[in-house]
Each structure stands twice: as C-alpha cells, then as structure tokens.
Amino acid sequence: MTASLKLISHKLCPYVQRAVIALNEKGVPFERIDIDLANRPDWFLKLSPLGKVPVLVVTTAKGEVALFESNVICEYIEETQGGAALHPVDALTRAEHRAWMEFGSATLGDLWGLETTTDPATFESKRQALAAKFARVEAALGAGPYFAGDAFSLVDAVFAPIFRYFDVFDEVTELGIFSDLPKIRAWRAELAKRPSVRTAVGADYPQLLRAFLVRHDAHLLKLAA
Ligand SMILES: N[C@@H](CCC(=O)N[C@@H](CS)C(=O)NCC(=O)O)C(=O)O
C-alpha cells in the first residue's frame, strides 16, 4: 500500500503553503483539511504537539504518523515522492538550501504581529529587521529565475508564500521592503507565475487575508501615514 496523505491546514498559513507547493510540484494526491486556529478541535490538538499547522498525516500499512514542522514535512515529501527533485544533489549545496529554508521561517517571525503592532517604534524596528533579512536573501540570489537558477527547489517553495503574504500586506500598508532589492523583485514575480504556487491557496485567499489585516486597518494606516 502506498502512503495516503492528509494535510491539516489553515487557509492563510504560509507554512502550510510551502508543503502544498511541494506536494503540487510532485503531483501527489492529498486530502486537505482546513481548521479554525481560533477554535482548534481536540482531534487536531492530539495530533499536533505545538497546536500548529501544518500537520501531515501519513497513513501506511503500519498505521498513521502525524508529521509536524513544515520544513520537515517538505523534506519527507521530497524524499518519498517522485517527480522532479526539489533539492540539489550535492550535500553541501543541499545543506545551504536547508539553511535558507530556516531563514525563510525567521523572516516570518519578524512579519508576524506587524498587523497588531500599535507602537510606531516597535513597528519600525520590526520593519527594519525584515528589510535586513531580505537584504541577505538578495545577496544570496544568483541570476534566477529561481533561488538556485533554473531548477525550482524547496527554498522557492518556502519563499513563494512569504511573498504572497506581502502582496496583500503591501495593499494595506506599504512596507517598502523590496524597493532596493531588484533580484528579489524578479524572483518574486517569477514565483507568482508558477502553477504549484498559484494553486496552493484558494480563490478566497486575498479576500480572507485582507479581512484579517484590515481588522487592524486603522492603526496600520496611521502608522503608514
Ligand atoms: N515552525 C512551524 C510554524 C507553524 C506555525 O506557526 N503555524 C501557525 C499558523 S501560520 C499556527 O499554527 N499557529 C497557531 C498557534 O501558534 O497557536 C512550522 O514551520 O510548521
């Protein structure tokens, strides 16, 4: 029996999206179950040690295993599913890619909470931390179109949802993070065209994210002024 895959998801979560992009790239069928993070069901809390999405439930002849941590899930998908490789063959380059995947998660750490930051000084320091992180990404980028050149990789899967989050965030308040980063702007545009990326969210994603951000709209707009 081949493993069956069930992804526990939230409609807006960029960590979930990186796993979906990896699954889409591999062309693997999977079931996606969206949950409400504000009201997490008991069955989910039993599966997820930190109560976070994504969780990939892998069912094999031996039973069910619930994998957590999005990068670990991506690695499992890469190791077990066919299709084009999403990691470089060379061990050192692969390790570098893994480091940049972690770095992608660190940028999300700075992005989180910006929408609820009411203090202008905190907002500005978080904005600057993000800008500094993306300047490092810019320096790591080559000629494109993807992180590692022609081959789409898990690093692309990690950053594509982050850029998508910025698409909507920038409508609410212009952070100006990418204005001096031309390689990232080109990379971001390329990722947005990729079918695996485009289909990783539902059609309602921009509307839902806008609604989430606009709940804090008043002070965000004030801070941006
Ligand atoms: N390190 C985790 C982070 C996942 C994460 O933070 N997910 C958020 C949603 S985007 C979550 O589930 N938050 C719920 C909570 O923290 O209570 C991963 O990479 O999977």
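Tallying residues that are open to solvent by 50 Å² or more (accessible area, probe 1.4 Å) and within 15 Å of the ligand (Cβ to nearest atom) within segment 1-13 yields 1. Considering segment 14-46, the residues that are farther than 28 Å from residue 192 by Cβ and surrounded by fewer than 18 Cβ atoms within 10 Å (Cβ to Cβ) include one that is nearest to the ligand (Cβ to nearest atom), namely 40. Checked across segment 120-132, the condition of being touching an Asp or Glu at 6+ places or on another chain (Cβ under 8 Å), within 16 Å of the ligand (Cβ to nearest atom) and in contact (Cβ under 8 Å) with a residue 12 or more places away in the chain holds for no residue.
Residue-by-condition table, conditions (1) open to solvent by 50 Å² or more (accessible area, probe 1.4 Å); (2) outside the structural domain of residue 154 (by the TED database):
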residue: 72; (1), (2): yes, yes
residue: 109; (1), (2): no, no
residue: 122; (1), (2): yes, no
residue: 125; (1), (2): yes, no
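Filtered by the rule that a residue be among the acidic types (Asp, Glu) and under 24 Å from residue 108 (Cα atoms), segment 32-79 gives 34, 36, 69, 75, 78.
Anything in segment 94-107 that is touching a helix residue (DSSP H, G or I) at 6+ places or on another chain (Cβ under 6 Å) and among the aliphatic types (A, V, I, L, M)? List them, or say none.
The answer is 101, and nothing else.
Scanning segment 61-70 for residues that are more than 6 Å from the ligand (Cβ to nearest atom) and open to solvent by less than 50 Å² (accessible area, probe 1.4 Å) returns 63, 66, 67. Quick check on segment 140-189: of everything there that is within 17 Å of residue 84 (Cα to Cα) and among the acidic types (Asp, Glu), which residue is surrounded by the most Cβ atoms within 10 Å (Cβ to Cβ)? Filtering segment 140-189 for residues that are within 17 Å of residue 84 (Cα to Cα) and among the acidic types (Asp, Glu), the one surrounded by the most Cβ atoms within 10 Å (Cβ to Cβ) comes out as 156. Within segment 80-99, the presence of at least one residue that is within 16 Å of the ligand (Cβ to nearest atom), under 30 Å from residue 46 (Cβ atoms), open to solvent by 50 Å² or more (accessible area, probe 1.4 Å) and in contact (Cβ under 8 Å) with a residue 24 or more places away in the chain is confirmed.
The values are calculated or read from the model by the stated rules, or taken from the named source; none is laboratory data. As the structure is a computational prediction, the values presented were derived from the model and not from experiment. Quick reminder, even Gly has a Cβ in these numbers, built from the backbone with ideal geometry, and neighbours come from all protein chains shown. Only protein heavy atoms, including side chains, enter the accessible area calculation; ligands, DNA and RNA are left aside. Shrake-Rupley method; radii C 1.70, N 1.55, O 1.52, S 1.80 Å.
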